[in-house]
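Below is one structure, written out as C-alpha cells; comments come after it.
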Amino acid sequence: MTFFQTIKDNDKNYVLQTYTRQDVCLVKGYGSWVEDINGKKYIDFFPGWAVSGIGHCHKKVVSNIEEQLKKIMHVSNNYYNELQPVLAETIIKNSFPGKVFFANSGAEANEGAIKLARKYGSSSGRHEIITMEKSFHGRTLATLTATGQDKVKIGFSPLVEGFKHIPFNDIESFKKAITSKTIAVMLEPIQGEGGVNSADLDYLKIVARICEEKDILLILDEVQTGMGRTGKMFAYEHFGITPSAMTLAKSLGGGFPIGALVVAKKYEDILIPGSHASTFGGSPIAAAAALGVFSAIHEEKLLDNAVNMGEYLIKKLEGIKKNNFRVKKIKGKALMIGVELDIDDGSKVVNECVREGLLINCTQKNILRVMPPLTVNKEEIDLASEKLSKALERVS
Ligand SMILES: *Cc1c(COP(=O)(O)O)cnc(C)c1O
C-alpha cells in the first residue's frame, strides 16, 4: 500500500465526502508551480481555486506570517491587534472611503453584507435583495439562497426569505424587480462559477445610478474578481462606479483564510457593537498575510503584469481556438479567463490537462477556467498553452 493510498483511504473513511477530488495529492507549491506526493510537477493555472492569487507560497506572504507567528497567533476582537487596523487602512486606501469588517471566508463576508443591507432596511421596512441568475455567493443558508443556481439549494428548504433572482445584464428585469421592499442588489462584476460572464459596462453603470436614486445598496461580490485578478485591484474600477459595499476573500490572504466586508462611508455606522462579530475575523496572522499580498502587488507591479500576461494568454488561446473546432469562445478580463467549449463534459479536458501536468478548472459543464497567478510569466504561459492544446486534441 502506498502512502498516497493510505491518505485516500483515510479521506474516504473519515472526511465527509462533499468534494469530487482529482486523483492527486499536492504537497508543495511555489509561484505558478505545484508538486504532488509522487514528485510530479504541475503548472497551476487555477491556484487554490484563485486563493493563491499571487502564486503559491509567495515570499512576502510567508515571511509576514513567519514574523507574526513568533509574536502572537490569535488575538480576540475584545482587544486591539497591531495589524488589523493597518490592513483595514490598506484596503480602504486601495478602494473607496469607508470601513472594513473582517471575516474568514467569502460566504461569511457575504453574510455580513446581507446583514448590513437588512439592518439598513429595517428602519424603512425594506428587506428584499436582488441577485443574478448564475451567480455564486457561497454555501451558508443566506448565501446559497442568494446564489442564482438551483443545484446548490436542493434539499435545504426552507430557504432564507427575501431574495429575488433576475437575468444578468438585463436592465429591464432589474427595473421590474425593484419594489418598495427592495434594499439591495448583490452581484459579481464578473461571474466566476457562473462561467466567467462579465457585466456590461452600461449595465453596471445604470444599475449603480438606479441604486443611488432609490437608496438601494449596491453590493459587489469581489471574492473572486478582487485583488488584481482583472488587471485592476478591484473589478468595479473598470466600470467607473463605486459600490455601497464590497466583499473580498479568496486571494486576499495569498493562501491564508481571510474574508472582508468593505462598507462605504454612508453605511459605516449600521453594524455596531453587538450586531455582528466573528471570533477568528482579522487575526494578526491573517492580517499579516493579506498585507504581504498588497505589498507584493504594489512592489512587483503585478497589476501591470496581469494586464500584459492576460493579453498574451488570450492571444495564445485564440491561437488554440483557430486549430481546434471544440473551442468556441475566449472570454474574460486580464487573468480571469473562460474558454467556452463545444462539448458537454469539459471535465474530460481538465483530466487530460492533469495528465499533461497542468491544473485548470471547468465550470458550468463546458467553460474552462484559466486563472494563473498574477506573477505568471511568458514561459509558463507558453508551456501551459502547449499542454492545454494537447489535452484538447486528445478529447476532440
Ligand atoms: C468562492 C466564492 C464565494 C464563496 O467563498 P467561500 O470562501 O468558499 O465561502 C463567494 N462569492 C464568490 C464570487 C466566489 O467566487
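Number of residues in the range 250-278 that are in a loop (DSSP other than H, G, I, E, B) and under 27 Å from K60 (Cβ atoms) equals 6. Within the range 116-139, the set of residues being away from the ligand (no atom under 15 Å from the Cβ) and within 20 Å of M246 (Cβ to Cβ) comprises L116, A117, R118, K119, Y120, G121, I130. Taken over the range 139-168, the criterion of being surrounded by fewer than 14 Cβ atoms within 10 Å (Cβ to Cβ) and in a helix (DSSP H, G or I) is satisfied by D150, K151.
For the range 24-134, please list each of the helices (runs of 4 or more DSSP H) lying entirely inside it that holds at least 1 residues being under 19 Å from K265 (Cα atoms), β-branched (V, I, T) and assigned by the TED database to the domain that holds I285.
84-93, 106-122
Taking the range 311-327 as the range and being touching a strand residue (DSSP E or B) at 6+ places or on another chain (Cβ under 7 Å) and acidic (D, E) as the test, only E318 passes. Scanning the range 232-245 for any residue that is surrounded by 24 or more Cβ atoms within 10 Å (Cβ to Cβ), among the polar types (S, T, N, Q), farther than 30 Å from V34 by Cβ and in the same structural domain as L217 (by the TED database) turns up at least one such residue. Residues that are farther than 15 Å from V100 by Cα and either away from the ligand (no atom under 13 Å from the Cβ) or not assigned by the TED database to the domain that holds K99 (or both) do occur in the range 262-276, at least one of them. Any residue at all in the range 103-112 that's charged (D, E, K, R) and within 16 Å of the ligand (Cβ to nearest atom)? Yes, the range 103-112 contains at least one residue that is charged (D, E, K, R) and within 16 Å of the ligand (Cβ to nearest atom). As for the range 226-237, it holds at least one residue that is charged (D, E, K, R) and away from the ligand (no atom under 15 Å from the Cβ).
One line per residue, one yes/no per condition, for (1) under 21 Å from the mean Cα position of the chain (by Cα); (2) farther than 15 Å from L220 by Cα:
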| position | (1), (2) |
| --- | --- |
| N77 | no, yes |
| L83 | no, yes |
| A109 | yes, no |
| A113 | yes, no |
| S122 | no, yes |
| T140 | yes, yes |
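Can you tell me which residues in the range 202-227 are in contact (Cβ under 8 Å) with a residue 60 or more places away in the chain and closer than 15 Å to I92 by Cα? Scanning the range 202-227 gives a single hit, M227. Examine the range 240-249 for a residue that is within 16 Å of the ligand (Cβ to nearest atom), small (G, A, S), over 11 Å from the mean Cα position of the chain (by Cα) and part of a helix (DSSP H, G or I), and state whether such a residue exists. The answer is no; no qualifying residue exists. Scanning the range 162-201 for residues that are within 24 Å of V262 (Cα to Cα), away from the ligand (no atom under 16 Å from the Cβ) and among the acidic types (D, E) yields a count of 1.
Residues checked against (1) in contact with a helix residue (DSSP H, G or I) (Cβ under 7 Å, 6 or more places away or on another chain); (2) not polar (S, T, N, Q):
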residue: G31; (1), (2): no, yes
residue: I43; (1), (2): yes, yes
residue: K59; (1), (2): no, yes
residue: N64; (1), (2): yes, no
residue: L69; (1), (2): yes, yes
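The values are calculated or read from the model by the stated rules, or taken from the named source; none is laboratory data. Fair warning: this is a prediction, and the values are worked out from it, not measured in the lab. For neighbour counting, all protein chains shown are included, and Cβ atoms are generated from backbone atoms with ideal geometry for every residue, glycine included.
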